[in-house]
Amino acid sequence: MLEEFDSFKTEMFQVMDPAGNITKPEHFPKLKDKDIVGAYKKMLFARTADLMVVSYQRQGRIYTYPPNQGQEAISGAVAQIIRKDDWLVPAFRELGAWLAKGASLKEIFMYFMGFEEGSLFKNARNMLPMNVPIASQLQHATGIGYAINYKEKDEIVYTFVGDGGTSQGDFHEALNFAAVWKVPVIFIVQNNQFAISVPFKTQTASDGIAIKALAYGMPGIQVDGNDFLAMTKTFEEASEHAGSGKGPVLIEAVTYRMGAHTTSDDPSKYRTKEEEDEWAAKDPLVRLKKYLMTQKLWTDKEEETITGQYKKEIDRIFIEAEKHTDYPLEDVFKYQYADLPDDLLLQKAEHEKFLNWKASRK
Amino acid sequence: MKIMNMVNAINQAIDLKLEEDPDIVVFGEDVGVEGGVFRVTENLQKKHGARRVFDTPLAESAIVGSAVGMAVAGLKPVIEMQFSGFVYPAMNQIISHVARIRNRSRGRYGAPMVIRMPYGGGINALEHHSESMEALFAHTPGLKVVIPSTPGDAKGLLISAIESEDPIIFMEPKRLYRAIKQEVSEDKYSIPIGQAKVLSHGSDLTVVAYGALIREVQRAMVKAKDMGISVELIDLRTIYPIDKTTVIESIKKTGRLVVVTEGPGSFGVGAELITIANEEAFLHLEAPPKRVSGFDTIVPLPKGEHHYIISPDKILFEIEKTVKY
Ligand SMILES: Cc1ncc(C[n+]2csc(CCOP(=O)(O)OP(=O)(O)O)c2C)c(N)n1
């Protein structure tokens, strides 16, 4: 399939059309009905959490957050394929992939509430914290890939970046190194059509991102990122390729950020309602649900019940995260170095003197 | 005169210069259609067209590097780094070329440009959105570094920066973007780069600060006054070239110096000012000059930021100690 849809043909790989019909049965992923239902539930959970965070933010209970709405099928598919020992090198808009790796929703909430501890991901094996400087994480993925080869481990690196991120030199450099070194890295570009207000056509004069793989010497494929089945099939093959010593793969998942860039952004400044409606009709959850319903694997009733349960659970976790309010002074210093210079301890002590002085004046 | 906040004032400075000088181009991430994430360049594309005010692909190095080429070829780029914490991909271009092309070409080429960037903490932001690294730029030969603290200064200083033949790093205290409003002249006027301003005259102690911390010092001064301490406040306005004369004169008068900066203290602007005090006014000093600065740590995420950000009380604490020394 990677060969058939090679990036040079710039034909977008799709298994299921927006109405939920299977158009390429020969490329159906190796998933049982119950796996697909399970995946749908995870995507629904991520969507529910995502929408709730946006409303918590409006209530002033959490700081800036980058909504995922519309992009859930990509992380949903990664969740099907990524193994316990595989690495996840995140950007910041792949909630479902974080959860799949074992990051807890509470940690994620804490991070966006302004605690570094929210980056700990205590139960997630081989997962880095979120990465804000766009595209810089891709090089770390390449380096991890080198270490995997060096230590002869059976692990694959999954790393994320947005369409805007592909304009950074870091993107080019990471992919070039990765192909030269033949490292087991899967580069996932979530092409959600915008980098904040900047549309894809301003970002690159190329028809797509996948085609760029050709020049690096790695397979590249453009996939309908709102088609969970196509995404899963793609990751099946990409992991097979990367895991068998053939080197990296570039996947361009074509999708749409249905929400704002972050909770401080107003999309009406730079895009039309018509465009948003057009993409709403391709909503990845709606599409998979249509498929499940035609297969008689899912009902509206089930959806309603489970969404209600999810809402309660998410709210409970959120309230639990809110209980965490303590941020001791020590935490500012503790992790700056493995071997903390005395000078920093002195700075802390000086500040404590000030705090005592302040307290004594009250 | 018109009531303006700093966003309005900077917008107007760029607008006036765009009108006046056809060689000026304004670009960066989201500066065109959207008018910048802080709306500093709002409406400028509409008014001056997308050839002059435009969005670029997402790549700071290419924004600055292209600006070097444009400047060498006779344009005047006024470019934006979306946050100072995202200037790092462009540091190679800034340090290796923006700052050096004049010297390298023995004056034949220059890279006159303004690199604007919102800096500093206090807005409850994600990682990398709160840095104050003016010292990095000030430490780089070939750059000039300007930091306004009021809308009126921002406008006048930016106009000078755009008119300068030298490259200017123009750091905007984002925490003050909309926090301070004042009457600002709608005409074109400029404030010279390299001149500090004495904001209040006093006799007991000199405080030097700039940018967002001016307001915090002024808050501390209200309490200092109650304690009978008379503070002379200097707004540095330009970090480099540093206005030694104003600072030295003041220290000679008061005999005491406290420097307030937001970024990490070590090897920073405070260290520089204290060196100036030692070298030029040593015999006038009645107490050891003191730095109030951020810790030498990474700026904490919002819930820990209060530990890091300089409060008026912290400034008062050091003022009191220095006066009582
Ligand atoms: C180096 C760098 N420059 C600028 C920013 C500010 N910024 C945050 S997100 C963003 C747009 C990213 O767009 P894209 O890569 O398409 O990802 P998306 O946000 O659409 O998921 C920008 C410019 C940043 N985080 N890092």
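Please determine, by comparing only the residues of region B:55-83 that are in a helix (DSSP H, G or I) and within 11 Å of the ligand (Cβ to nearest atom), which one is surrounded by the most Cβ atoms within 10 Å (Cβ to Cβ). Across region B:55-83, the extreme among qualifying residues is B:E60.
Sub-9 Å Cβ pairs linking a first residue in region A:153-177 that is in contact (Cβ under 8 Å) with a residue 24 or more places away in the chain and at positive phi to a second residue that is within 15 Å of the ligand (Cβ to nearest atom) and not basic (K, R), at least 6 apart or interchain, number zero. Just to be sure, is B:A179 at pLDDT 95 or above, part of a loop (DSSP other than H, G, I, E, B) and not polar (S, T, N, Q)? Yes: the conditions hold for B:A179.
Taking every residue in region A:188-207 that is more than 7 Å from chain B (Cβ to nearest Cβ) and more than 25 Å from A:W87 (Cβ to Cβ) and pairing it with any residue that is in a helix (DSSP H, G or I) and near the ligand (Cβ under 7 Å from one of its atoms), at least 6 positions away or on another chain, the pairs with Cβ-Cβ distances below 9 Å are A:F194/A:G164; A:F200/A:G164. Taken residue by residue, region B:97-111 has no member that is of a type outside the set (K, R) and within 14 Å of another protein chain (Cβ to nearest Cβ).
Looking only at region A:311-333, residues that are within 9 Å of another protein chain (Cβ to nearest Cβ) and either in contact with an Asp or Glu (Cβ under 6 Å, 6 or more places away or on another chain) or outside any loop (DSSP other than H, G, I, E, B) (or both) come to 3 in all.
Restricting A:Y111, A:Y56 to residues that are farther than 30 Å from A:Y216 by Cα, surrounded by 16 or more Cβ atoms within 10 Å (Cβ to Cβ) and without any contact (Cβ under 8 Å) to a residue 40 or more places away in the chain narrows the list to A:Y111.
Within region B:261-325, which helices (runs of 4 or more DSSP H) (wholly inside it) include 2 or more residues that are under 22 Å from the mean Cα position of the chain (by Cα), under 23 Å from A:K358 (Cβ atoms) and not assigned by TED's automatic domain parsing to the domain that holds B:T140? Give the derivation first.
Working: elements: B:269-281, B:302-308, B:312-324.
In region B:261-325, B:302-308, B:312-324 are the helices (runs of 4 or more DSSP H) which contain 2 or more residues that are under 22 Å from the mean Cα position of the chain (by Cα), under 23 Å from A:K358 (Cβ atoms) and not assigned by TED's automatic domain parsing to the domain that holds B:T140.
Considering only region B:4-19, I want to know if a residue exists there that is more than 12 Å from every other protein chain (Cβ to nearest Cβ) and outside any helix (DSSP H, G or I). So far as region B:4-19 goes, yes, one or more of its residues are more than 12 Å from every other protein chain (Cβ to nearest Cβ) and outside any helix (DSSP H, G or I). Checked against (1) within 13 Å of chain B (Cβ to nearest Cβ); (2) within 16 Å of the ligand (Cβ to nearest atom), A:P284 meets all criteria but (1). Of all residues in region A:83-108, which are part of a loop (DSSP other than H, G, I, E, B), crowded, with 18+ Cβ neighbours inside 10 Å and away from the ligand (no atom under 16 Å from the Cβ)? Once the filter is applied, which keeps residues that are part of a loop (DSSP other than H, G, I, E, B), crowded, with 18+ Cβ neighbours inside 10 Å and away from the ligand (no atom under 16 Å from the Cβ), region A:83-108 yields A:D86, A:A103, A:S104. Of the numbered criteria (1) assigned by TED's automatic domain parsing to the domain that holds B:L233; (2) surrounded by fewer than 19 Cβ atoms within 10 Å (Cβ to Cβ); (3) of a type outside the set (A, V, I, L, M); (4) within 19 Å of B:E272 (Cβ to Cβ), the one B:H201 fails is (4). Residues in region B:42-54 that are assigned to a helix (DSSP H, G or I) and surrounded by fewer than 17 Cβ atoms within 10 Å (Cβ to Cβ) were compared, and the one that is nearest to the other protein chains (Cβ to nearest Cβ) is B:K46.
Quick one: is B:P57 of a type outside the set (D, E, K, R) and within 14 Å of another protein chain (Cβ to nearest Cβ)? Full working, then the answer.
On the way: of a type outside the set (D, E, K, R): yes; within 14 Å of another protein chain (Cβ to nearest Cβ): yes.
So B:P57 passes the test.
Candidates in region A:59-82 are the residues that are within 16 Å of the ligand (Cβ to nearest atom) and more than 14 Å from the chain's Cα centre (by Cα); of these, the one that is surrounded by the most Cβ atoms within 10 Å (Cβ to Cβ) is A:Y63. A Cβ distance below 9 Å, combined with a sequence gap of six or more or placement on separate chains, defines the contacts here; from region B:123-151, residues that are assigned by TED's automatic domain parsing to the domain that holds B:N11 and farther than 23 Å from B:R102 by Cα reach residues that are among the β-branched types (V, I, T) and part of a helix (DSSP H, G or I) in the pairs B:P148/B:I10; B:S149/B:I214; B:T150/B:I214; B:P151/B:V7; B:P151/B:I10. Looking at region A:243-255, is at least one residue within 16 Å of the ligand (Cβ to nearest atom), within 14 Å of chain B (Cβ to nearest Cβ) and touching a residue at least 24 places away in the same chain (Cβ under 8 Å)? No, region A:243-255 contains no residue that is within 16 Å of the ligand (Cβ to nearest atom), within 14 Å of chain B (Cβ to nearest Cβ) and touching a residue at least 24 places away in the same chain (Cβ under 8 Å).
A single entry from B:A138, B:A154 fulfils the requirement of being farther than 30 Å from A:T262 by Cβ, touching a helix residue (DSSP H, G or I) at 6+ places or on another chain (Cβ under 7 Å) and either at pLDDT 95 or above or buried (at least 24 other Cβ atoms within 10 Å of the Cβ) (or both): B:A138. Taking first residues from region B:23-41 that are within 13 Å of the ligand (Cβ to nearest atom) and partners that are assigned to a strand (DSSP E or B) and of a type in the set (S, T, Y), no Cβ contact under 9 Å between residues at least 6 apart in sequence or on separate chains turns up. The combined condition, being away from the ligand (no atom under 16 Å from the Cβ), within 14 Å of chain B (Cβ to nearest Cβ) and either touching a Gly at 6+ places or on another chain (Cβ under 9 Å) or not charged (D, E, K, R) (or both), is fulfilled by A:M113. Out of B:S130, B:S105, B:S149, I need the residue that is modelled with pLDDT of 95 or more, within 27 Å of A:D265 (Cβ to Cβ) and among the small types (G, A, S). Which one? After ruling out the rest, the residue left standing is B:S130.
Looking only at region A:159-182, filter to residues that are of a type outside the set (G, A, S) and buried (at least 24 other Cβ atoms within 10 Å of the Cβ); which one of those is nearest to the ligand (Cβ to nearest atom)?
The initial filter retains those residues of region A:159-182 that are of a type outside the set (G, A, S), namely A:159-161, A:163, A:166, A:168, A:170-173, A:175-177, A:180-182.
Next, only the ones that are buried (at least 24 other Cβ atoms within 10 Å of the Cβ) stay: A:159-161, A:163, A:166, A:171, A:175.
Details: A:T159: 13, A:F160: 9, A:V161: 6, A:D163: 4, A:T166: 7, A:F171: 9, A:L175: 15 Å.
Top of the filtered list is A:D163.
Pairing each residue of region B:296-311 that is more than 7 Å from chain A (Cβ to nearest Cβ) with any residue that is of a type in the set (S, T, Y) and not in a loop (DSSP other than H, G, I, E, B), provided the two are 6+ apart or on different chains, yields C-beta distances under 6 Å for B:V299/B:Y308. Filtered by the rule that a residue be more than 12 Å from B:D296 (Cβ to Cβ), of a type in the set (A, V, I, L, M) and either in a loop (DSSP other than H, G, I, E, B) or facing chain B (nearest Cβ under 9 Å) (or both), region A:334-354 gives a lone residue, A:A338. Do you know which residues across region A:30-53 are of a type in the set (D, E, K, R), farther than 18 Å from A:V15 by Cα and surrounded by fewer than 22 Cβ atoms within 10 Å (Cβ to Cβ)? A:K34, A:K41, A:K42 - these are the residues of region A:30-53 that are of a type in the set (D, E, K, R), farther than 18 Å from A:V15 by Cα and surrounded by fewer than 22 Cβ atoms within 10 Å (Cβ to Cβ). The single condition among (1) away from the ligand (no atom under 12 Å from the Cβ); (2) crowded, with 17+ Cβ neighbours inside 10 Å; (3) within 12 Å of chain B (Cβ to nearest Cβ) that A:K269 does not satisfy is (2). Being part of a loop (DSSP other than H, G, I, E, B), in contact (Cβ under 8 Å) with a residue 60 or more places away in the chain and away from every other protein chain (no Cβ under 14 Å) is a property that A:M231 lacks.
The values are calculated or read from the model by the stated rules, or taken from the named source; none is laboratory data. Worth saying up front: this structure is predicted, and the values here are computed from it rather than measured. For neighbour counting, all protein chains shown are included, and Cβ atoms are generated from backbone atoms with ideal geometry for every residue, glycine included.
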